[in-house]
Amino acid sequence: MRGSIGRTIMVAAGLAACLCAPVQAAEKAKQRAVKPYPHYWMSIATSNQGIPGMGGEMAGMAALFGGRSPAFGPRRDLQLQLESPRPLPAEPEALHGIPPGQNMGASLVLATPPEPEKREQAPTAEQGTPEAGTYEKPKARMLIYWGCGETVGKGQPRVIDTATMTPAEFGKALAGRTPTHQTPPRPHKGWVYADWPNPKDRKDIPRDSSLVGEHLIQGNYVPDIRFSLDQKRDFMAPVEFTTVEARPGGAMKVEWKAIPTAIGYFATVMAHDEKSGDTIIWTTSEVPETGFALMDYLTPGDVSRFIRDKVVMEPARTSCTVPPVFTGAAGAMLRFVAYGEELNLIHPPKPKDPRQPWEPQWSVKARLKSTGMTPLMASGEGGAKKARKPALSRQPDQKAGEEDEGRSDTGDSESGKPKGGVGERLRGLFGF
């Protein structure tokens, strides 16, 4: 009898445990669920488009445009983006209080853009269904090169040709490395969105502006978001090319100043060969890489991973020689990116004990990059054999018309055409 009762109790207890398990699991899942909370992103960029040895001339060009050249010279850019799940107030307001060293006043206005109007586009008479058999496969041929050096590496180029590939194969061949997907705050249903710059507040960022110090975001639809930025999260130094020098075999030696807060570098050149019709792509990667997804912000984790993969250059690197692959292509432009550190904060931090409740109030991300561009003035297109030296003032005993030592003039003076490369042409155009 007692044994029968004992077995009955055990069965009942087991049944109760089975019935309670889903309830307990649901309760734990509810505890682990995190309610939506505001996110704030700062995208901090420095850009520089210039020509080695033309610092003074670029400043002169900037003066022509009111102190800021639209095409040349270093500039600083800042994009602020805020999203919050709180209901939209009748008059949403938010400010970003900035440190004094930013030299842009006490705060920046984060404005909520108006909702876009929904418009239905009616089909026009010109629009119609293409007739069967009129589709023509696009024609494109790309030659992919990689690696720094005086000569082209073995196994190059890698040819990507639509004539021999399906669209899927062509897209896959161009894709290259895939960095971590980043989704900044954006307008979407159920959330309040605001950004800067905007029509209400738009300011140029001074060249001596610094983000180092205390920052405070306040508004009527977000809690106070308070954080600070250090030197590693300040505007990065501009990319400065010190040498773009043609080598005897047609290669181009490129040197740049080290950027103190950079964690890695990457560069690429693309040009079109008018004679063959081919598009030529070259990157600094030591392994095959098109680099299309690498010219933007990258997470520090991705930068470290790509350095290990020999795709991204280490921050100690200050030079690279572009192999002679652009000798028949005009207008080759080198694009360069220096990746910076990140700041990632969640308040309050996630507890180490998973059983402890966690209700984050806000998050902040600051991401950084510095980019630069410079033409590869190869010999044969009036380009420079060697980058000009910064100082080219005429010596007291030098007669008018004599060439300065190290000057990059290589054109035909008897033809009446401008001598030298792009730098000489710009000086002639603007009178520098």
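The values are calculated or read from the model by the stated rules, or taken from the named source; none is laboratory data. As the structure is a prediction and not an experimental result, all values here were calculated from the model. SASA here: full protein model, heavy atoms, side chains in, ligands and nucleic acids out. Shrake-Rupley method; radii C 1.70, N 1.55, O 1.52, S 1.80 Å.
Computed quantities for the displayed model
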item: Pairs from K310/K352; K139/K275; K203/K369; K257/K369; K232/K257 whose Cα-Cα separation, in the structure shown, is over 25 Å; result: K310/K352
item: Surface share of carbon and sulfur [accessible, 1.4 angstrom probe, percent] for the range 254-380; result: 52
item: The range 158-244 - percent of accessible surface contributed by carbon and sulfur, probe 1.4 Å; result: 52
item: Exposure of F292 as accessible area (Å², to 10), given a probe of 1.4 Å and all protein chains; result: 100
item: Listed residues E93, E115, E341 arranged by accessible area, highest first, probe 1.4 Å; result: E115, E93, E341
item: The range 199-306, accessible area per residue, ligands and nucleic acids excluded (1.4 Å, Å²); result: 45
item: Heavy-atom accessible area order for E240, E91, largest first, 1.4 Å probe; result: E91, E240
item: List I144, I346, ordered by accessible area with a 1.4 Å probe, largest first; result: I346, I144
